[in-house]
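The values are calculated or read from the model by the stated rules, or taken from the named source; none is laboratory data. Keep in mind that this is a model prediction, so the values were computed, not measured. Glycine gets a Cβ as well: all are built from the backbone with ideal geometry, and neighbour counts include every protein chain shown. Surface accessibility is based on the protein's heavy atoms, side chains included, excluding ligands, DNA and RNA. Shrake-Rupley method; radii C 1.70, N 1.55, O 1.52, S 1.80 Å.
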Amino acid sequence: MTMKLVICFLISMEVIADDLLIEVAQSPDFQWNGIAITKNNRMFASCPRLLGDVTPSVVEILSNNVLLPFPGGIWNTFNPITSIENVENRFVNVNAVLTDSNNNLWVVDNGVVGNQTFVNAAKLVKINLQTNSVERIYSVSSLNPPQGFALNDVRIGSRYAFLTESGLGSVVIIDLQTSQVRRVLDNHPSTKFVEPTVVRMEGRPILDEKGQPKKMHNNQLELSSDEKTLFYKPSFSYNWFQISTNDLTNETMSESELENKVITSWKAMPTGGTTMDDVGNIYLMDIERQTVWQQNSANGLWNLLIHDDRIIWGDASDVGADGFYIFQ
């Protein structure tokens, strides 16, 4: 198999400062689709497995641009052609990484390579960064996921993990204490691509492999700092949607009752990725305008953070403890 070479740049900019962009790391061999920064400035990236590529899936970015497979051992050794066993304990196709305030790294593995879904591979993995070892694996196999199901991104609360599922469009909730998994809003329009949206990048329509306008279902999400509200949106949606986490985690509520709790929230734009800082500002990677916006989650107002022609489908991002906005 020929290795696909994709160069990715992480660009760092001080939030609410001048618009100086600084390259802080790059990958000459692997595409990145996720970035996560700890409070003490350890940096991690996720490497998706596109069309069967062999990648380490998760790396720690060390000084001098050294990329260290993380956490090491069997976790980074899956090969879709030569080594496909034990998918429960190996990264199959990682779509997101996230750090929390308790010094953990969370990894979303959708378990799908190309059109092949690996049974029992979809999972959320918690890695303790004190010990650099996997502490817990949250499998979503109990959902008996339908064909096309694909976990995408995650936000972590004190009791629950909330994940977007972008293959078919839904929200997945994991009880971090009991490991119980639920899938909700899978028939609600807020989690679906809206026809006939045509998104353009650098002035050209974004098309799928068949030459048709690309469709993307529920993708981005943010959890308010008080954990009371979940914001979410399909990538190509021009609106955020929001719902109370009390309603989301209320197992006595029927699906139709839950659907009635969804609120159309602030205006947005087609986004490659989002993140939220500690004071409730959401940073949106605007696909069509090669721009990053800062949005106040309390009133929905936008503030232009940076426009730069080098931002081509900005994807994952994070805000470091040093006040730098890191994105790729």
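Rg and Dmax of the stretch 140-215 over Cα atoms: what are they, in angstrom?
For the stretch 140-215, the Cα-based Rg and Dmax read 15.3, 48 Å.
Accessible area per residue for the chain in Å², computed with a 1.4 Å probe and the full protein assembly in place, what is it?
44 Å²
State the percentage of accessible surface on the chain attributable to carbon and sulfur atoms; use a 1.4 Å probe and exclude ligands, DNA and RNA.
49 percent
Using a Gaussian network model of the chain whose springs link C-alpha atoms within less than 10 Å, name the residue from TYR232, TYR138, TYR283 with the highest mean-square fluctuation.
The residue with the greatest mean-square fluctuation here is TYR138.
If I build a Gaussian network model for the chain, linking alpha-carbon pairs within less than 10 angstrom, which residue out of ASP278, ASP53, ASP29 has the largest mean-square fluctuation?
Most flexible of the set in this elastic network: ASP278.
Going Cα to Cα from LYS126, which lysines come in below 27 Å? Please leave out same-chain ones fewer than 8 positions away.
Partners within reach: LYS39, LYS228, LYS233.
Do the sum for the chain: with -39,500 (n - 2.57) for every DSSP H run of n ≥ 4, divided by all residues, what is the mean residue ellipticity at 222 nm, to the nearest 500 deg cm²/dmol?
Numbers: 2 runs with 9 residues, N = 328.
Mean residue ellipticity, 222 nm, calculated: -500 deg cm²/dmol.
Running a GNM on the chain with Cα contacts under 10 Å, which residue among GLY72, GLY167, GLY273 ends up with the highest mean-square fluctuation?
Per the Cα network of the chain with a 10 Å cutoff, GLY72 tops the list.
Computed FRET efficiency, Cβ-Cβ of ILE84 and ASN299, R0 41 Å: what is it to the nearest 0.05?
0.25
At most 11 other Cβ atoms within 10 Å and a DSSP loop assignment: could you name the trypsin sites (Lys or Arg not before Pro) in the stretch 245-328 that fit?
Within the stretch 245-328, the qualifying trypsin sites (Lys or Arg not before Pro) (loop, at most 11 other Cβ atoms within 10 Å) are ARG310.
Indicate the gyration tensor shape class of the stretch 176-302 (rounded, prolate or oblate), computed on the Cα atoms with a ≥ b ≥ c the square roots of the eigenvalues: a/c under 1.5 is rounded; otherwise a/b larger than b/c is prolate and the rest oblate.
oblate
Please state the charge dipole magnitude for the chain, taken about the Cα centre, from unit charges on C-beta atoms (+1 on K and R, -1 on D and E), reported in debye and rounded to the nearest 20.
For the chain, the charge dipole is close to 560 debye.
Given a Förster distance of 22 Å, report the FRET efficiency between GLN116 and ASP29 from their Cβ-Cβ distance, rounded to the nearest 0.05.
Efficiency at R0 = 22 Å is approximately 0.45.
Heavy-atom accessible area of VAL59 with all protein chains present, probe 1.4 Å, nearest 10 Å²?
Using a 1.4 Å probe on the heavy atoms, I get roughly 0 Å².
Averaged across orientations, what area in nm² does the convex hull of the alpha carbons in the stretch 25-99 project?
5.1 nm²
Please report the base-10 log of the normalised intensity I(q)/I(0) for the chain, using a Debye sum with one equal scatterer per alpha carbon and no solvent, at each q in 0.09, 0.11 (1/Å).
Result of the Debye calculation: -0.43, -0.66.
How much net charge surrounds ASN250 when only other residues with a Cβ under 10 Å from its Cβ are counted (Lys, Arg +1; Asp, Glu -1)?
After counting each charged neighbour, the total is -2.
Using a Förster radius of 22 Å, what is the FRET efficiency between ASN128 and LYS228 based on their Cβ-Cβ separation? Nearest 0.05, please.
0.20
With point charges of +1 on the Cβ of Lys and Arg and -1 on the Cβ of Asp and Glu, referenced to the Cα centre of the chain, which listed residue (ILE156, SER256, PHE241) lies farthest in the positive direction of the dipole?
SER256
Straight-line reach from LYS267: which aspartates and glutamates have Cα under 16 Å away, leaving out those fewer than 8 places along the same chain?
GLU222, ASP286, GLU288
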